[in-house]
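Below is one structure, written out as structure tokens; the observations come after it.
Bear in mind that the values in this text are calculations on the coordinates, not laboratory data. Since we're looking at a predicted model, the values are computed, not measured. Cβ placement follows ideal geometry from the backbone for every residue including glycine, while neighbour counts extend to all protein chains displayed.
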């Protein structure tokens, strides 16, 4: 079984129900919901654990995507000799109609170059697989183009076709009430040690109702600077909230930035603070439960990323300061956690730390409902290093694991203080 001891009720129209579930939960007065882990993580894909005999996994298995659609669970991932770019990279898609007890091979992609950022998108009865093609230089980030393929029938997909613009990278896609929107980025990516090559990226926010034709949700470019990966979701009023990774830097500094955009113009991003949060939230993804919004991202226990209050590093030119921060960050161990977003202040409160040791990132989230309650269960797919000794040495091997979260018992909200 994919998740031992867990019985799922799979609903064909579960994507359409998400908003209704959350609206109903939000009307429950006097309750506060708390994400709770159910059991420990379970490895489903690694160099030695294959979901299907016709898949060939290498040392690094990461960049995972998952989708629950019409009673089938789809999982896609990248496999390669290393996490870094190379010509031997493959992407796989498998699916299961029995909650992960058995898997069918759906698709294998090999182009002789690096392949990353797989996404699975469902609109109506159609399922699409999206990814980007990169280069072969292991020390450079070289996105060349976006590709998509449509599922025609079990195990048969259209040939990957180009879409978007050259060098574009899709980071997150959210579907709500029949419309899918994606956040993507492109531009000149920062090269360590290059004083001129920082903050030269553009962010885009496009939407579709058919998975083929994408149009800007307002202005064509929503931001230009150092942001790349953005975890985002809607509140129940249709407003947009997001947490963006600011690794390349902009006039607010480095780290992360939180923003809000009104439902009337999802391209009009408003920052909650003028200065970047020095703590960086990499591989960010968000989800909603009731009226609450949550962030899933990489942790940095030895942080913050931006040492903005270090007098010695502050005496250096900004690009040298950033290079020192980037090197220090790269050699630290990281994990994965969940934060609740405060929609009044834009602040983040950590609520769940997920097990793991080493670099854990690139989560994908699948949601379903228990048959006995309106609530949230998440099947969280994340990339984990193998189990390591307490000192956690750095390894380049990755597993893909599942962690189940649920809110079995809502916490009573404390009464207001007396006046």
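What's the extension gain from residue 52 to residue 279 if we count 0.36 nm per residue and subtract their Cα-Cα distance? Please list the in-between numbers first.
On the way: separation 227, 0.36 × 227 = 81.72 nm, distance 3.91 nm.
Net length gain for the segment: 77.8 nm.
Working from label points 7 Å from Cα in the Cα-to-Cβ sense, the residue 71 to residue 125 distance is 1.4 nm.
Separation between the residue 220 and residue 332 pseudo-spin-labels, each 7 Å from Cα along Cα→Cβ, expressed in nm? For the pair residue 220/residue 332, the computed spacing is 3.9 nm. Relative protection proxy for 241-254, 292-305, from highest mean packing down: 241-254, 292-305 (other beta-carbon atoms within 10 angstrom). Packing-based ranking of 89-96, 73-80 yields 73-80, 89-96, ordered from highest to lowest mean Cβ neighbour count within 10 Å. Can you compute the modelled spin-label distance between residue 265 and residue 344, with each label point 7 Å from Cα toward Cβ, in nm? Modelled inter-label distance: 2.8 nm. Each peptide in 259-265, 317-323 gets a packing score, the mean of other Cβ atoms within 10 Å over its residues, and the list from highest to lowest is 317-323, 259-265. From the largest down, region 140-283 spans 48, 40, 24 angstrom on the principal axes of its Cα atoms. Placing R0 at 45 angstrom, the Cβ-Cβ distance between residue 314 and residue 153 gives a FRET efficiency of 0.15 after rounding to 0.05.
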